[in-house]
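Just below is one structure, and these are the notes that go with it.
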Amino acid sequence: MRRHLLMITSVLALVVLCTAQAFAAEITVRGRLAKTVEAGGWVIRTNAQKYLILNAQRFQNENWFREGTAVEASGETRTDAITIYMEGIPFEVRAMRPFDEGAQDNNVAVTGAQRRTTRVLISGDAIVQAQPDTAIINISVITQNKRALDAQQENANRSELVVRAVKAAAGAGAEVKTSGYNLQPMQVYRENQPPTITGYQASNSVTVTMSDLLKVGAVIDAASQAGANNINGVAFTLRKDRPAKDQALMEATRAALGKAQAIAQALGGRVTRILEVQEAGLTPRPIYAEGDMRTRMTAQSANAPTPIEVGTLDINSQVQLTAEIETAQ
């Protein structure tokens, strides 16, 4: 029981609490290894001071790491570290080696000035342009009649012709599916009177998704000639967008890191590590065909195909990172 309590005490004795901002001095210490009053702890003793090794377990497998060995250790003092007994100055060792017993082993050489670490939150943005590989066309057939059944039947007949024409023009690789259907009354509103139904309107929409962008104009023409009277929109997008997204993400990360390095340089310091990285946004923006497609369908001649020009996609990415910057005090 007593042994177990001693082990628990030794573990608790080496607990270190760190604050958000740490002040550290880079030094080189020459002295002799000694055990501490905290079980399992080690210090480097010099004539003037004791230095409590915070990461002694890193060196305990070395055959020279034993009580009384003269060592030279470089690292940082950690004034933000708190231990139970506070035996000596908390010292985080970066490198340690034994040195000649005859050398001056009880001197402390301070090789750097006081340093301060602080954290900064940085965002980086990037836009990558890519060539779209997919077109999405939304086509509608709208019919009107005094009777709902007549509007519906007329719409069904014309929609069937449109779907057949679109499939033939788009080719075997295209996907054609119904995306919306609506049948509603057309009403006239007069002041101080209830609305009057004057007829009915039926609307049937199909969406065409195709990878052959050169056929977009031909599909629109075929739909118009078969009876479609509304093109709700033409959009170009990127179906295989992973490479472009990865590139945008990398460039946004580089931009954020560049900002962190610029801030560190302005403060006379350096970026010591990246604490956290988050992807804030990555959005491919589809390209939409400009202009009123209904007007084009009415105005185009039988011999003039609808011109469709495909541009490039903008893929936006944003990254936020938290960097630790070390500066002179």
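Worth a mention:
- The set of residues from region 128-180 being in contact with a strand residue (DSSP E or B) (Cβ under 7 Å, 6 or more places away or on another chain), among the acidic types (Asp, Glu) and not in a strand (DSSP E or B) comprises just one member, GLU154.
- Condition met for THR118 (under 30 Å from VAL29 (Cβ atoms), at pLDDT below 95 and either part of a helix (DSSP H, G or I) or within 30 Å of the chain's Cα centre (by Cα) (or both)): yes
- Unique match (being surrounded by fewer than 15 Cβ atoms within 10 Å (Cβ to Cβ) and within 34 Å of the chain's Cα centre (by Cα)) among GLU191, GLU175: GLU175
- Considering region 214-329, the qualifying helices (runs of 4 or more DSSP H), each wholly inside and each with 2 or more residues that are at pLDDT below 85 and crowded, with 16+ Cβ neighbours inside 10 Å, run over 293-299.
The values are calculated or read from the model by the stated rules, or taken from the named source; none is laboratory data. Since the model is a prediction, treat every value here as computed from it, not as a measurement. Glycine gets a Cβ as well: all are built from the backbone with ideal geometry, and neighbour counts include every protein chain shown.
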